[in-house]
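Here's the structure we're looking at; comments come further down.
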Amino acid sequence: MKSPTLPQTLFDKIWQEHVVAHDDGCPAVLYVDLHLVHEVTSPQAFAGLRARGLGLRRPEKTVATMDHSTPTTPGLVIVDDQARAQLQQLAKNCVDFGVQCYGLDSDQRGIVHVIGPELGLTQPGMTIVCGDSHTATHGAFGALAFGIGSSEVEHVLATQCLLQKRPTSLEVRVDGMLPRGVTAKDLILAVIARIGVDGGNGAVIEYTGDAIRALDMEARMTVCNMSIEAGARAGLVAPDDTTYQYLAKRQFAPKGADWERAVANWRQLPSDEGAEYDVSVVLDAQALQPMITWGTNPGQGIPINDNLPDARSGAEEKAFKYMALEPGKPLVGHPIDVVFVGSCTNGRIADLRQAARIFDGRRVATGVRTLVVPGSYAVKRQAEAEGLDRIFRDAGAEWREPGCSMCIAMNGDQIEAGQYAVSTSNRNFEGRQGRGGRTFLASPLTAAAAAVTGKVTDPRALL
Amino acid sequence: MKKVEIIRSRLNPLLVDDVDTDQIIPARFLKTIGRVGLGANLFADWRGARFDASSDARILLAGNNFGCGSSREHAVWALADFGFQAVIAPSFADIFQANALKNGLVPVAVEAAVHRHLVAARAQDAELTVRIDVRKSTLVLPDQEEVPFPLDPFARRCLTDGIDELDYLRQHEGQIAEWEARHARG
Ligand code: SF4
């Protein structure tokens, strides 16, 4: 096992390490190092365990938080009985089954994909799953991380394993350096626009190239986060010194001699010279511009100054109709009603700093509702220590408590039918941010630029 | 799991590409802690306009990349609770497909030409009936033409023999314990 004859990819190495069994004609039994749980997709799994009279095989490898249906208003007053029942159920399940839960009263609570990395739970070389498709976020650390359904949540709780078919590999190489005002969000929107919302189906994407290496951890998380929007099972970035610097001294990161040993192991993870991917795609970072989606899937994105495309398919016709936009027209200058800065894509401290650069000394345009929602309490505290909350408030934006908020609109934070929102989240599906609502996905810079101008605006003019 | 071998039904067409799980079951209906009753809100925002909820067909005829978006198994529970036993589409999103198979909802991926043929035939004849043979993993068209669809052998066995994946996993207890012992941190 120590002397592989063929060069291996990062994915090959993690996969091989975690295969517990592989019977002929069956999917592999894959061991799971870290299982993250939230209130929406877990109750049925715990109920399944109860029905079978099973416990958790390794409760210490499961960590729970509350994020999707939690309020973000001061005082965290839950107005919705169903949401309350769901949150109470998770708290009870965690007590009954011995799972660590960062609940409503925890000052370490936050969006599941924000707190995993910031607590140091997410580490290179791990397998990580969660009943949530944006689990791909953790791939930024060189961990194989993917979303699973509730039945699989039950499987992992009971056995710490999953049945998995081996995915294919897709390399997305981004050469060069991102120009000023062009962010990781723009990069990933450009990737999805290029390969399509099913371009990654069946695959694990490894992001490589100079532009990726130059990204900080938060930007890498933004990129990996949206791998699922290209249909991929997971996204990966090889770990390097940037990764280790981020992880060092975090609460659950190894310490002392264990840390040294861990880093030595992690250094073996990156893809070997000459390792082959099933498919490779190359992008030039220099050529990228701020991106914005105009349609109803994350692949329907354009460079912000481009005109809208022609309706080239039924899906695009449907999207134009839902969005009430006209093919061939510019999107820049289009009036907007709501701006949302937050989510597991862009709710980290680096994202808030970006938004603050635009908000600083400016005012939110009249009639625009702007929500800034930190991804976790740690992010919130850090932002407040840096005075970012003041910048947002002085600009006229709402500074909220952490949670998924308007990304999924389950907690009462939502847009109205017919309204246009510029959102830093990851999905522009019909009704995602509120029934009948229309979403333009963009970076924190572009979202903030829209907030202060009241319309779709190239943020580079405001930097 | 309940065994699934033969499905015979008319088709309920929903011919939109990239139907995401937010459309199948909008997030506002995810605040349930159970898995039943979700059928009442299947395609809640598309009823009438795009989805015919009055049809009692057991097979959904869908477009490309069906079930993309979130990992919510609620999407599959909603389809199954509504009464669907299979979805025929040119392709499916990964997690949706895995979730479907775990709930006895058969994802039938057919080639574009077969799909076009079915769409056209269904447009001509609302009573058009097809048969899905899970054991052979074939779709039998009204003219008796039999077209294969991909179904990995394990998934097929789970469906036809009613094998429960968790039971299967638990049979590997010995190997799991060995793996853990090998990887125990010193
Ligand atoms: S922020 Fe949005 S995408 Fe991320 S976990 Fe929450 S609901 Fe899902």
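A few comments on the model shown:
- For the range A:232-237, Karplus couplings with θ = phi - 60° (6.51, -1.76, 1.60), whole Hz, Gly/Pro x: 6, 5, 7, x, 9, 10
- The residues A:TYR277, A:TYR207, sorted by heavy-atom accessible surface at 1.4 Å with ligands and nucleic acids left out, run A:TYR277, A:TYR207 from largest to smallest.
- Cross-link pairs exceeding 30 Å in C-alpha to C-alpha distance, out of A:LYS380/B:LYS102; A:LYS185/A:LYS455; A:LYS165/A:LYS255; A:LYS255/B:LYS31; A:LYS185/A:LYS249, comprise A:LYS380/B:LYS102; A:LYS165/A:LYS255; A:LYS255/B:LYS31.
- Considering helices alone, the calculated mean residue ellipticity of chain A at 222 nm is -9000 deg cm²/dmol, with DSSP H runs of length four and up weighted by -39500 (n - 2.57) and normalised per residue.
- Each part gets one Cα centre, and for the range A:114-134 versus the range B:1-49 those centres are 30 Å apart.
- Sequence-distant residues sharing a close amide H with B:PHE92 (under 5 Å, placed H): B:ASN65, B:PHE66
- Between 0 and 90°, nearest 10: helix A:256-266 axis offset from chain A longest Cα axis: 80 degrees
- Helix A:444-453 and the longest principal axis of the Cα set of chain A meet at an angle near 20°.
- Ordering B:HIS115, A:HIS22 by accessible surface, largest first, gives A:HIS22, B:HIS115; the 1.4 Å probe counts only protein heavy atoms, with every chain in place.
- Along chain B, the exposed loop sites are GluC sites (Glu not before Pro) outside DSSP states H, G, I, E and B with at most 16 other Cβ atoms within 10 Å, and the longest stretch free of them is B:6-110.
- FRET efficiency for B:ALA120 and B:ALA40, using Cβ-Cβ distance with R0 set to 25 Å, rounded to 0.05: 0.20
- In sequence order, calculated HN-Hα J values of the range B:51-61 (Karplus, 6.51, -1.76, 1.60; Hz; x Gly/Pro): 10, 8, 7, 8, 6, 9, 4, 9, 10, 8, 9
- Dividing the C-alpha radius of gyration of the protein assembly as shown by 2.2 N^0.38 Å, with N its residue count, gives 0.91.
- Comparing B:GLN124, B:GLN144, B:GLN171 in a Gaussian network model of chain B where C-alpha atoms under 10 Å apart are linked, the largest mean-square fluctuation is found at B:GLN171.
- DSSP beta bridge pairing in the range B:54-138, given as percent antiparallel to the nearest 5: 10 percent
- Summarising the amide proton neighbourhood of A:THR439: residues at separation of 5 or more, or on other chains, whose placed amide H is nearer than 5 Å comprise A:ALA421.
- Modelled FRET efficiency - R0 60 Å, B:ALA53 with A:ALA264, Cβ distances, 0.05 increments: 0.50
- Using a Förster distance of 35 Å, the FRET efficiency for A:ALA91-A:ASN305 (Cβ separation, nearest 0.05): 0.10
- Panel values: the range B:6-182, Kirkwood radius from alpha carbon pairs, Stokes-Einstein at 25 °C and 0.890 mPa s, translational diffusion coefficient 144 µm²/s.
- By DSSP, the beta bridges lying fully in the protein assembly as shown are antiparallel in about 30 percent of cases.
- For the chain pair B and A, buried accessible area totals roughly 4900 Å², probe 1.4 Å, rounded to the nearest 100.
- Taking every protein chain into account, the 1.4 Å probe leaves A:GLU316 with about 20 Å² of accessible area, to the nearest ten.
- When all protein chains stay in place and ligands, DNA and RNA are ignored, the 1.4 Å accessible-area order of B:ASP152, A:ASP132, largest first, is B:ASP152, A:ASP132.
- Reachable aspartates and glutamates from A:LYS13, criterion Cα separation under 17 angstrom, eight or more residues apart if same chain: A:ASP33, A:GLU171, A:GLU206, A:ASP240, A:ASP272, A:GLU273, A:GLU276, A:ASP278
- With Cα atoms, 0 to 90° folded angle of helix B:173-183 axis to chain B main axis: 60 degrees
- Put simply, the Cα atoms of the range A:387-463 extend 33, 27, 18 Å along their principal axes, the longest span coming first.
- Area accessible to solvent at B:THR129, 1.4 Å probe radius, in Å²: 40 Å²
- Area of A:VAL204 that stays accessible when all protein chains are in place (1.4 Å probe, Å², to 10): 10 Å²
- Residue by residue, the range A:11-23 carries 3J(HN,Hα) couplings of 4, 3, 5, 5, 4, 4, 4, 9, 6, 8, 7, 8, 6 Hz when phi is fed to the Karplus relation 6.51 cos²θ - 1.76 cosθ + 1.60 (θ = phi - 60°); x denotes Gly or Pro.
- Long-range amide H partners of A:VAL20 with built H, under 5 Å: A:VAL29, A:LEU30, A:TYR31
- Euclidean distance between Cα centres, the range B:124-141 to the range A:224-267, Å: 48 Å
- Note on A:LEU54 and B:GLU173: their simple-model spin labels are 1.2 nm apart, each label 7 Å out from Cα toward Cβ.
The values are calculated or read from the model by the stated rules, or taken from the named source; none is laboratory data. Predicted, not measured: the structure shown is a model, and the values here were computed from it. We place every Cβ from the backbone using ideal geometry, glycine too, and count neighbours over all the protein chains shown. Protein only, heavy atoms only, side chains kept; ligands, DNA and RNA dropped before computing areas. Shrake-Rupley method; radii C 1.70, N 1.55, O 1.52, S 1.80 Å.
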